[in-house]
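Single-structure report; data block below.
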Amino acid sequence: MGELINKNIASILFVHAGESKHPIYLVDTLAITLKIAKKSQIFLLTNQLHIPSVEEGLAKLSQTELERITFVAIESIPQGALTKNFQLNAKLDRNFRDGFWFAASYRFFVIADFMLYLGMENCIHLENDVICYFDPTDKLKEFRSFSRFSVPLDRVRAIPSIVWFQDAAIASKLASFIADHSDQNDMDTLGAFCTNLGSDIRPLPTVPLSYADSKGMAADRYCQGEDLFGGIFDAAAIGQYIGGVHWMNDPSDTRFFENESSDFHIKDCKLGWEYQGHFRSPFLSFNGVSTKVLVLHVHSKDLLGLSPFNSGVPSDPSEILTGERIQGLADLTISSNEVTLFHGRDNIITKKILEIPQKEATSWFKKKKYDEPPNLSFLAECQNVKSIFVYTHLLPYFQKFIAPRLHDPYVLVTHNSDHGVSLDQLDLLNHPKLIAWFAQNCEISHSKLKSLPIGLANKQWGVTRLMELFKAACEYKKTNALYVNFSQLTSLKRQGIIEFLGKIAGVTMGLPVSYDQYILEMAKHKFCLCPRGNGIDTYQFWEAQYVDTIPIILREDWTQAYSNLPVLLLNSWTDLQNIDLQESYIRISSENYDRSSLRLKYYQNQLHA
């Protein structure tokens, strides 16, 4: 195994020792770390019996990612005399939660033996409920210049969420210190080791200097290295405030928990997320100063909710939903001459297009066009496909002339119109040959009816908009609270909202600007007001999803298309007066969402199921 070790990059060590089954979240943190720390070596030190189940849990990862993790059976690591003695004589509680307190200290003996066995350097140990938002290899020079050993501290102890070992000798020195204090838990021993044993041992920065200065906190204990590392490392306070504590400690909702041993009160700061390099990471703002959070200790164990990849930002612009792209999933489009001209013939990407036949007649000296019934050729085209797209406002024609003459099972898709699907279409929904109906602006429920999003605006409203949104989504920083920018002309319900919102703190009242400026501004905000317009659904709702801005809508305007997506629901716009938007943002942005419905492939799979 020694030939696998590259001393020029960081090695990340995870440990799960003992016979008790590994926690499910261990697989989550391994998967996240493999995607984030692409330049680093990753090792899991665990008993042989656990390796197959961990491998199974990671099976969905790419082969390239899997090749970067090395599973090391603890039984294969030569034990030193110190380790054997600790196993036999440690005075720690071995009964609580399957020997939790013993295992918490024993892991450092496993790490010391492993590093000594392979002559390892530049190792970072992460606890199994920790998310790292950076690649340690990118900061290896900083770690090496900072210390030989580092760990986060709170007021009374260490919190070994992340531990830095420059070499095997310092790891062995720590193990020896723990052995001499085998009646103390790992937090107490690491805290004493870090504060009492030399200038080459220093605590990692855990509190922004701006905050520490304002509170009279000891900068040498909490802030050393903040500038060097470009951020702080969460001991426990940040993760516990955002996600709460583990349900085994308290089964209630414990978000916004403040640990009694922490001098860092997160409620005094504002949490935001920023997106760079294909993933998101948290930051804290205090008195106008922003500080990156490099590591989160997720005591709640909900690592997926706080994952760097719990985001709506698309990895490829081709994944983004538009009405035209949804329309293109159908085999055939039924249009009219007027609709085709309005939409743009080149923007209709279905394989076939049929236009409703019309005749022109003169009445009272005015020429007017009237729809005619379809001929046999028109009907034959409709009968020979499995899926048909109809502009929603053309449904009366389809329902009267075409649907009754379809004798084979088919799927209907309606979109690209402000009209909705209502009780007027109940007979069509109940037609035995209609298998499923995918529709925008569903106003009723039915077992065959599946809601479609409006998505982003079609090309006819601006060919560069999609790429402008993609650019804004790929690099944002949520520094502001609530963005308001919409036309009051598209719905009577929108009128009067603007005047009311002027009384709410933290609101940015947007001005009429170009689309690229508009979407960049939205991307800076945590929330965006999305009142309904001509239809229930709005472009703004989906724009917000793609730039990780949380839409605020009324409950009465919720549709099935919004399922499993982050949203803040109100009974009335006046509810905003009584809502803590910062707390709401923490709650919503730290929930794990299945955002597959933001991708075109999701509807492609549904349509062809």
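The values are calculated or read from the model by the stated rules, or taken from the named source; none is laboratory data. Because the structure is a prediction, the values reported are computed rather than measured. Every residue, glycine among them, receives a Cβ derived from its backbone with ideal geometry; neighbour counts consider all protein chains shown.
Things to note:
- Checked against the criteria, S563 does not count as of a type in the set (S, T, Y), surrounded by 15 or more Cβ atoms within 10 Å (Cβ to Cβ) and in contact (Cβ under 8 Å) with a residue 12 or more places away in the chain.
- Contact annotation: residue pairs with Cβ atoms under 9 Å, 6 or more positions apart or on different chains, pairing a residue in the range 250-266 that is at pLDDT below 85 with a partner that is buried (at least 16 other Cβ atoms within 10 Å of the Cβ) and not in a loop (DSSP other than H, G, I, E, B), are N259/A237; N259/Q240; N259/Y241.
- Residue count, the range 272-289 (criterion: surrounded by fewer than 22 Cβ atoms within 10 Å (Cβ to Cβ) and either more than 20 Å from I550 (Cβ to Cβ) or of a type in the set (A, V, I, L, M) (or both)): 6
- Selection within the range 337-367: residues that are basic (K, R) and loosely packed, with under 11 Cβ neighbours inside 10 Å. The member of this set that is nearest to V463 (Cα to Cα) is R345.
- Residue satisfying condition, being more than 22 Å from A609 (Cβ to Cβ) and in contact with a helix residue (DSSP H, G or I) (Cβ under 7 Å, 6 or more places away or on another chain), within set I402, I388: I402
- Among residues of the range 593-609 that are touching a residue at least 40 places away in the same chain (Cβ under 8 Å), those with a Cβ under 9 angstrom from a residue that is outside any helix (DSSP H, G or I) and surrounded by fewer than 14 Cβ atoms within 10 Å (Cβ to Cβ), sequence gap 6+ or separate chain, pair up as Y593/N564; R595/N564; S597/S563; S597/N564.
- Taken over the range 214-239, the criterion of being within 18 Å of E591 (Cα to Cα) and either touching a Gly at 6+ places or on another chain (Cβ under 6 Å) or free of Cβ contacts under 8 Å to residues at least 60 places away in the same chain (or both) is satisfied by I238 alone.
- Note on the range 458-480: residues that are buried (at least 20 other Cβ atoms within 10 Å of the Cβ) and either among the charged types (D, E, K, R) or not in a helix (DSSP H, G or I) (or both) total 4.
- Cβ-Cβ under 6 Å pairs, at least 6 apart or on other chains, the range 351-370 side closer than 30 Å to R325 by Cα, far side in a loop (DSSP other than H, G, I, E, B): E355/S336; I356/S336; P357/E372
- Hey, A112 within 20 Å of S161 (Cβ to Cβ), buried (at least 19 other Cβ atoms within 10 Å of the Cβ) and in contact with a Ser or Thr (Cβ under 7 Å, 6 or more places away or on another chain) or not: yes
- Of the residues in the range 255-270, not one is within 19 Å of the chain's Cα centre (by Cα), charged (D, E, K, R), surrounded by fewer than 22 Cβ atoms within 10 Å (Cβ to Cβ) and under 26 Å from V163 (Cβ atoms).
- Strands (runs of 3 or more DSSP E) within the range 245-307 that include 3 or more residues touching a Gly at 6+ places or on another chain (Cβ under 9 Å): 279-286, 289-297
- Qualifying residue in the range 49-69 (condition: more than 30 Å from the chain's Cα centre (by Cα), crowded, with 18+ Cβ neighbours inside 10 Å and either of a type in the set (F, W, Y) or assigned by TED's automatic domain parsing to the domain that holds I12 (or both)): no
- Matching residues, the range 574-591, being farther than 19 Å from K478 by Cα and hydrophobic (A, V, I, L, M, F, W, C): L576
- Qualifying residue in the range 492-499 (condition: more than 20 Å from the chain's Cα centre (by Cα), assigned to a helix (DSSP H, G or I), exposed (fewer than 15 other Cβ atoms within 10 Å of the Cβ) and among the charged types (D, E, K, R)): yes
- Test for I444: is it within 24 Å of W558 (Cβ to Cβ) and touching a residue at least 60 places away in the same chain (Cβ under 8 Å): no
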